[in-house]
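Heads up: the structure comes next, in structure tokens.
The values are calculated or read from the model by the stated rules, or taken from the named source; none is laboratory data. Not measured: the values here are computed from a predicted model. Cβ: placed from backbone, ideal geometry, glycine included. Neighbour counts: every protein chain shown. Ligands, DNA and RNA are stripped out before the accessible areas are found, and what is left, the full protein with its side chains, is counted by its heavy atoms. Shrake-Rupley method; radii C 1.70, N 1.55, O 1.52, S 1.80 Å.
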Amino acid sequence: MKEKGYVQVYTGNGKGKTTAAIGLTIRSLGAGLKVLFVQFVKGLPYSEHKALSRFENLTIKQFGRPEFIHSKPSDEDIKAAKDGYNYVMDIFTNSPNLFDVVVLDEANIAVFFGLFSDDELIELINKKPQNTELVITGRYATQKVIDRADLVTEMKEIKHYYTQGVIARDGIEK
């Protein structure tokens, strides 16, 4: 990508943040761009991995355990997130032209659970190569991250069938 890259944040309590990032990923791949899709706090296989694995210009990395964090994160959760943080920082520092688009899926959740700080996330944003588009997803984006971003979209839940006991379905929520 030869143009200036911006920082996009998809946050809020509504469904669709990761889905929006996947849509942008597909659009970018269709334009011939190279994409890195890093998932924090996610270690399970999701349906999108099957579909996205068909693209040559896409790298997907997961830095989470195969279970959800419901309260206090474990040392393993923290280590996995720090490994992901260091992986992205290493790319931004040592291979700045490797990817045109970098998605940090659930990075806001990693900050929320204290796996790394919002100051560290801001450090990643500031280290972003000039021509790289950076997308950060997850509920609870901090005001620092919102202020630093160029584009912020808030997904707002109005109504959700989860409240009526519907569990995550393959191909729709997972």
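Just one of (1) at pLDDT below 95; (2) within 21 Å of residue 18 (Cα to Cα); (3) out of contact with any helix residue (DSSP H, G or I) (no Cβ under 8 Å at 6 or more places or on another chain) trips up residue 83, so point out which.
(1)
Condition check: in contact with an Asp or Glu (Cβ under 7 Å, 6 or more places away or on another chain) and within 22 Å of residue 151 (Cβ to Cβ). Does residue 63 satisfy that?
Values: in contact with an Asp or Glu (Cβ under 7 Å, 6 or more places away or on another chain): yes; within 22 Å of residue 151 (Cβ to Cβ): no.
In short, no.
Return the pair list, or none, for Cβ contacts closer than 8 Å from residues in the range 51-65 that are closer than 22 Å to residue 83 by Cα to residues that are crowded, with 17+ Cβ neighbours inside 10 Å and of a type in the set (S, T, N, Q), at least 6 apart or on different chains.
Short answer, once both residue conditions are applied: 58/25; 60/39; 61/39; 62/39; 63/39; 64/39.
I need the full set of residues from the range 1-52 which are charged (D, E, K, R) and touching a Gly at 6+ places or on another chain (Cβ under 6 Å), in order please.
The first filter runs over the range 1-52 and keeps only residues charged (D, E, K, R), leaving 2-4, 15, 17, 27, 34, 42, 48, 50.
42 - this is the single residue of the range 1-52 that is charged (D, E, K, R) and touching a Gly at 6+ places or on another chain (Cβ under 6 Å).
Looking at the structure I just gave you, is residue 31 farther than 23 Å from residue 149 by Cβ and without any contact (Cβ under 8 Å) to a residue 40 or more places away in the chain?
For residue 31, the condition - farther than 23 Å from residue 149 by Cβ and without any contact (Cβ under 8 Å) to a residue 40 or more places away in the chain - is not met.
Among the residues of the range 37-50, write down those that are under 19 Å from residue 168 (Cβ atoms) and either touching a residue at least 60 places away in the same chain (Cβ under 8 Å) or open to solvent by less than 50 Å² (accessible area, probe 1.4 Å) (or both). Full working, then the answer.
Restricting attention to the range 37-50, the residues satisfying the condition of being under 19 Å from residue 168 (Cβ atoms) are 39-50.
39, 40, 41, 42, 43, 44, 46, 47, 48, 49, listed by residue number.
Considering only residues that are in a helix (DSSP H, G or I) and of a type in the set (A, V, I, L, M, F, W, C), look in the range 5-36 and name the one that is surrounded by the most Cβ atoms within 10 Å (Cβ to Cβ).
Looking only at the range 5-36, we keep the residues that are in a helix (DSSP H, G or I), and these are 17-30.
Narrowing further to those that are of a type in the set (A, V, I, L, M, F, W, C): 20-22, 24, 26, 29.
On the way: 20: 15, 21: 25, 22: 18, 24: 16, 26: 16, 29: 19.
Per the stated criteria, the residue is 21.
Anything in the range 37-55 that is more than 22 Å from residue 155 (Cα to Cα) and in a strand (DSSP E or B)? List them, or say none. Before the answer, list the steps.
So the first thing to find is which residues in the range 37-55 are more than 22 Å from residue 155 (Cα to Cα), and the list is 43-45, 49-55.
Listed by number, the list is empty, since nothing qualifies.
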